[in-house]
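Single-structure report; data block below.
The values are calculated or read from the model by the stated rules, or taken from the named source; none is laboratory data. Values in this document were obtained by computation on a predicted structure and should not be read as measured data. Every residue, glycine among them, receives a Cβ derived from its backbone with ideal geometry; neighbour counts consider all protein chains shown. Surface areas here come from the heavy atoms of the whole protein model, side chains and all, with no ligands, DNA or RNA. Shrake-Rupley method; radii C 1.70, N 1.55, O 1.52, S 1.80 Å.
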Amino acid sequence: MKLQQASLTHPFNEELANGSLPADRFQFYLAQDARYLVGFGRALSVAAARTPDPADLPFFAGAAREAVVVERELHEGYFQRFGLGQTELDAIETSPTCLAYTSYLLATAQTDGYPELIAALLPCFWVYHYVGSSILRQQEGNGPENPYQAWIDTYADEDFAQSVDTCKEAVDRAAAAGDEATRERMLDRFTRASEYEWMFWDSAYRLEPWPTAGLR
């Protein structure tokens, strides 16, 4: 919970909550998030293929589709608002943190078991809902229009909350069925992915460059 709270109180999300986040930082975030979601969707597809419980298969398969199709529609709306075409997006280089987080999930999908994988996937659901719903609760009813309201509403939505609960339940069942060593690995993957969530927002706020860019 410390990492979730730290994500909520990060300057990126505090400024997003009151609408003062500079557009260039949000645009940078959107470009990174669009690329991250492709890897996240692939990892979710692996979870769908590996789940021992057929009841969880529709959830993970559906979440993979949501990540690649539905959430990208949110991005497209903002791309249009900011006048960002493919040329402008291609000019925003994938950040070190985006590449690291995406690579971490894909490596976990390929080298770890199902319990560890879904533990690594859970923070993306849980942290986003925590941030979105917390911001929505804190907002005053008749304030100025927030340019990031669509983002806030997406992750504070009740349907998204249900997805969070479903993923938590799957992780809890996997933990209950595993031994102590499995649970320790699950906690490690969950914690590392939660750290990457904080780092993702931090990297967007800093417009994170590659420190070696001048050496190419």
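Send over a whole-number figure in Å² for the accessible area per residue of the range 27-92, probe 1.4 Å.
Values: 3170 Å² over 66 residues.
Per-residue accessible area for the range 27-92 comes out at 48 Å².
Taking amide H positions as placed 1.01 Å from N in the peptide plane, with prolines and chain starts having none, which residues 5 or more places from G178, or on another chain, fall under 5 Å of its amide H?
Long-range HN contacts for G178: none found.
For the chain, what does -39500 (n - 2.57) per DSSP helix run (n ≥ 4), summed and divided by total residues, give at 222 nm, in deg cm²/dmol to the nearest 500?
Details: 11 runs with 164 residues, N = 216.
Using -39500 (n - 2.57) per qualifying helix, the result is -25000 deg cm²/dmol.
Before anything else, pin down the relative contact order of the chain: Cα pairs under 8 Å, at least 6 apart, normalised by residue count, whole percent.
So the answer I get is 34 percent.
Can you name the helices of the chain, as whole DSSP H runs, whose Cα span along the helix axis is 24 Å or more and whose Kyte-Doolittle mean is not below -1.0?
Details: long enough: 23-50 (40 Å, 0.16); 114-138 (36 Å, 0.67); 158-177 (29 Å, -0.32); 180-205 (38 Å, -1.07).
The answer, listed by residue number, is 23-50, 114-138, 158-177.
Ignoring any ligand, DNA or RNA, what whole percent of the accessible area of the range 1-102 comes from carbon and sulfur when the probe is 1.4 angstrom? Can you show the working numbers first?
Details: 2640 of 4730 Å².
Carbon and sulfur: 56 percent of the exposed surface of the range 1-102.
How charged is the neighbourhood of S133? Take every other residue with its Cβ under 13 Å from the Cβ of S133, and add Lys/Arg as +1 and Asp/Glu as -1. Write out the running numbers ahead of the final one.
Values: positive: R137; negative: D153, D157, E158, D159, D165.
Spelling it out: positives minus negatives among the neighbours equals -4.
What number comes out for the charge environment of P11, summing +1 per Lys or Arg and -1 per Asp or Glu over other residues with Cβ under 13 Å away?
Around P11, the charge tally is -1.
Dipole of the chain (Lys/Arg Cβ +1, Asp/Glu Cβ -1, origin at the Cα centre): which of F12, A61, L106 lies farthest to the positive side?
The residue sitting most towards the positive pole is L106.
Find which of L187, W198, W210 sits farthest along the positive direction of the dipole of the chain, computed with +1 on the beta-carbon of Lys and Arg, -1 on that of Asp and Glu, about the Cα centre.
W210
Given R₀ = 41 Å, FRET efficiency for A176-E145 by Cβ-Cβ distance, to 0.05?
After rounding to 0.05, the efficiency reads 0.35.
Given Cβ point charges of +1 (Lys, Arg) and -1 (Asp, Glu) and nothing else, what value in debye, to the nearest 20, does the dipole of the range 1-105 about its Cα centre take?
Dipole about the Cα centre, nearest 20: 240 debye.
Using the 2.2 N^0.38 Å rule of thumb for compact globular proteins, work out how the chain stacks up: its C-alpha Rg over that value, please.
Scaled against compact globular proteins, the figure is 1.02.
Within the range 95-130, name every residue whose backbone N is under 17 Å away from a label modeled 7 Å from Cα of D188 along the Cβ vector.
104-121, by backbone N distance to the label point.
Which whole-percent values make up P(r) of the range 87-212 when all C-alpha to C-alpha distances are grouped in 5 Å steps starting at zero?
Pairs per bin, as whole percents: 2, 10, 16, 17, 18, 15, 11, 7, 3, 1, 0.
Would you mind counting up the charge near E195? Only other residues with Cβ under 12 Å from its Cβ, with Lys and Arg at +1 and Asp and Glu at -1.
Result for the local shell: 0.
Could you give the dipole magnitude of the chain about its Cα centre, charging the beta-carbon of Lys and Arg +1 and that of Asp and Glu -1, in debye to the nearest 20?
I would put it at about 480 debye.
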